[in-house]
Amino acid sequence: MSRVLLDAAMSIDGFWADENGNSIFPVEEMHRAGLIAPLVLRTGAVVMSRASFDMADDPDWFAGNYEYQVPVLVFGGERPDTKPKENGRISFAFLPDFTAALTAAHQVCGERDIMIIGEASAAQSAMESGEVDEIYLRLVPRFLGKGIALFDTTSLNRDYRRTSVTMTEEATHIHLTAL
């Protein structure tokens, strides 16, 4: 049975991005520390917010460069005028909301897991769904003071236990599993 995973980062004071919308996700360090590869291997589909999709300067960049070469279900916003390049491994579908994207992800992921990627709206939508089985939370040792909060406390509706903790120079990586 596929599991729903959320991979997110936040500052000590709870923000996923600074006041200008710049993410604090330590992706380069996670590659160096070997923390992304195991997640890529178990992922059969990605659910991504349109805001995260739009962070790529060129949507064709995903094909061949993005670590998750699996179907990507993008939710929110309008479909792009031109569909991004696909390569036989990565494909794109643009859906109106998180629920539709998660439903589609369950249909295409096979026996592998579903990874939720994106900014605060993706994390909040995932938590509101009540379907997040595992959280990979990257706690970055910075106080931003203001910015965009990762979690809306009204959306937290499930208990988790700490499965593992990995320390790197730029973050504490906490793996949580739903009870």
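The values are calculated or read from the model by the stated rules, or taken from the named source; none is laboratory data. Source: prediction; values computed, not measured. We place every Cβ from the backbone using ideal geometry, glycine too, and count neighbours over all the protein chains shown. Accessible surface is based on the protein model in full, side chains and every heavy atom, while ligands, DNA and RNA are left aside. Shrake-Rupley method; radii C 1.70, N 1.55, O 1.52, S 1.80 Å.
Laid out as a table, the results:
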item	result
Number of positions in segment 102-119 that are at pLDDT 95 or above and in contact with a helix residue (DSSP H, G or I) (Cβ under 9 Å, 6 or more places away or on another chain)	6
Residues within segment 14-53 that are outside any loop (DSSP other than H, G, I, E, B) and either of a type outside the set (Ser, Thr, Tyr) or touching a helix residue (DSSP H, G or I) at 6+ places or on another chain (Cβ under 6 Å) (or both), tallied	25
Criterion violated by Glu28 - all others in (1) touching a strand residue (DSSP E or B) at 6+ places or on another chain (Cβ under 7 Å); (2) closer than 30 Å to Lys146 by Cβ satisfied	(1)
Scope segment 105-127; condition more than 16 Å from the chain's Cα centre (by Cα) and small (Gly, Ala, Ser); matching residues	Gly110
Those helices (runs of 4 or more DSSP H) lying entirely in segment 57-169 with at least 3 residues touching a residue at least 12 places away in the same chain (Cβ under 8 Å), open to solvent by 60 Å² or more (accessible area, probe 1.4 Å) and in contact with a Ser or Thr (Cβ under 8 Å, 6 or more places away or on another chain)	none
